[in-house]
1. What residues have an amide H closer than 5 Å to that of Ser174, excluding those fewer than 5 places away on the same chain, when H is modeled at 1.01 Å from N in the peptide plane?
2. Excluding Thr54 itself, calculate the net charge of residues whose Cβ lies under 15 Å from the Cβ of Thr54, where each Lys or Arg counts +1 and each Asp or Glu counts -1.
3. Packing-wise, with mean Cβ within 10 Å as the measure, how do 44-52, 171-179 rank, highest first?
4. Using only alpha carbon pairs under 8 Å that are at least six residues apart, calculate the relative contact order of segment 61-102 and give it in whole percent.
Amino acid sequence: MLDETKINFSQKKLVGKQHTWNNKKWYEEDDGVILFQHAKEIWVDTISPVPPSTTTDLIKPILGLALIEDMSIGGRKAFYATETTNKKMNGFIPPSYGINYSVKVYVNDVKIPSSHASNWLFDYANGVLSFENTPPIGPVKIDVYQYIGRSFAQYLDAEFNSIAVGILGLDTPSFEYVIQHNMNSFDVDVVVYIYDEVDGLNYWKKDVIPLILLDENRVKLQLSEKHPIRFIIKSYETPNWL
């Protein structure tokens, strides 16, 4: 892959643009998902390193997804994923979560390896497939996995005026945790996940933990076994009993 492509891809990503073609300046590209994301776009659920064969609550396998050519670029150099509503798709799981999440590219239903002379590059965050060199003629399709689980957005609803998140006990798990949240309110909602082993793999599991309100700025959690915990504490704008 050309150094020019690597530089363009990285620079455009940093300024919040997608990359389709080296000859397009960053300000000519469409807006895209950037490296520094808003909290609402952060994925909450744990992604298994092994992709599922069918759709789960977290992951949707999409096989044979037909891509649309970006006609603003000549030579069949860029394609993008879209839904039937013509809304661009994104949120595809990259191979950093597991090598089997790597996108597979097909032209005329023939798999095009990453070593192909067309030098293709897939942007998992924005759903854009770009080519340094013109690919073979024919419909372009991909096999990908899309994250459909929870994002942090649900914890940023307008009904909450404060929120605190964190992880405790990774180095020294405990039966008991006291969390200082500084929200000046007894009217808080606490969501707790414990780090535990299931079928030989470690996961964050949502659990119901007894909660003690020590004062307006501290809560105490009491576990039956020693575990690291992940917590999300939300304070309501108005008391939830009204």
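What follows draws every value from the coordinates through simple rules; no lab data is involved. Just so it is clear, the model here is predicted, and its values are computed rather than measured. Don't worry about glycine lacking a Cβ; one is built from the backbone with ideal geometry, like all the others, and counts go over all protein chains shown.
1. Close amide H contacts, sequence-distant or interchain: His227.
2. Numbers: positive: Lys60; negative: Asp57, Asp143.
Taking every Cβ under 15 Å from that of Thr54, the sum is -1.
3. Working: 44-52: 15.1, 171-179: 13.1.
Most protected by this proxy first, the peptides run 44-52, 171-179.
4. Details: 31 pairs, mean separation 9.6, N = 42.
Once divided by the residue count of segment 61-102, the mean separation gives 23 percent.
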